[in-house]
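Reviewing the structure listed below.
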């Protein structure tokens, strides 16, 4: 959220009542920070903990994203944690070549509402969610999906193997392009796209693909209603008539927003990940590690290729949203490994002693790969992958992604 070139929120969406002691710092255009080094240009967005501003860096003569944290102690502590994580990322990647957002500076700023920790991050472009919206919720060309996936996996591999960091909230909103979709030479006037996409779920928050064709066929029957609901909830308009051209758009991207990140050996939260990208071990509270990020990555890859979320669970009469989510996973991917199924604090709510999901027949399970293994997969390194269209019974066209050997795996 802290590095994008655009804004989804009006100036007062966060609520004026939050501008009080312990809350947000009120910023006006032209305000200076850090002894005059950074000059506020326009608001980029806001979140539960902070507001984010486009600022001009008088030292480097360039634009940056200035993230100003609320001043209450709990927000200051969260900012210190994020600064610690971002500093480790920056120190380990001085050339900023690992496709992870770069922390430039941090400092304290005192205002009427208290002392605010501020982070200065590189100024980036639109989110992948904005890219999906721009493409009218149609699947991207697979060569473009591959380009994005390689960037994200390179970033995850650096975080996981290089630093021992788990992102814990990987989603389309937290991956930003290096440039804007509607390119402009004037970032001050560029207001064409959102920066802070509001979370659709909990804010806390090798891919196999021989299952993709089966998945598409299974879900095509309800695709029209599901896509319609998604567009409605995210501000989409109507049924798309064509895919917009992405030619000329640089699809290189970086992983951002480390407010919920943790070290693998120093975890501080059981409930992580936004709902639609949440892994089964997190739902069951059976412990998580780097592979939780890989689950989220796999959901993102599917969404980029098809324009549709892989999982959009809803609670109903006699079952919870979590149970519906697990049922979707089982329907799509097969049986969850018994060790995970029965090893969680919440396992008994959904599984019997054999590790079988209640009211769901036994299905084959598989194991998820690491980011390093994903990077070595032939699909990411094969050019001109065939892209075809298949038509469902409902008449909805879906993309046959052609990744017959790349699978999304359930196990840890």
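A few remarks follow.
- For segment 40-88, the C-alpha radius of gyration sits at 1.25 times the compact-globule guess of 2.2 N^0.38 Å, with N the residue count.
- Length released on extending from residue 42 to residue 97, taking residue separation times 0.36 nm less the Cα-Cα span: 17.0 nm
- Projecting label points 7 angstrom from Cα along Cα→Cβ for residue 245 and residue 339 puts them 5.2 nm apart.
- Here the peptides 270-279, 308-317 are ranked by packing, the mean other Cβ count within 10 Å, and the order with the highest first is 270-279, 308-317.
- Distance from segment 293-321 to segment 14-63 (C-alpha centre basis), Å: 34 Å
- Residue 354-residue 269 FRET efficiency (beta carbon distance; Förster radius 30 Å; 0.05 resolution): 0.50
- Ascending count of other beta-carbon atoms within 10 Å, so fewest first, for 282, 256: 282, 256
- The Rg/Rh ratio of segment 104-155, with Rg taken over Cα atoms and Rh as the Kirkwood radius over Cα pairs, comes to 1.24.
- Overall size of segment 16-122 from C-alpha positions, given as principal axis extents largest first: 41, 29, 22 Å.
- Packing-based exposure ordering (other Cβ within 10 Å, fewest first) of 180, 59: 59, 180
- Sorted by Cβ neighbour density within 10 Å, fewest at the top, the residues 126, 57, 265: 265, 57, 126
Read-outs: derived from the displayed coordinates by stated rules, not from any lab. Quantities reported herein were computed from a predicted structural model and do not represent experimental measurements. Because the Cβ atoms are built from the backbone with ideal geometry, glycine has one as well, and the counts that use them run over all protein chains shown.
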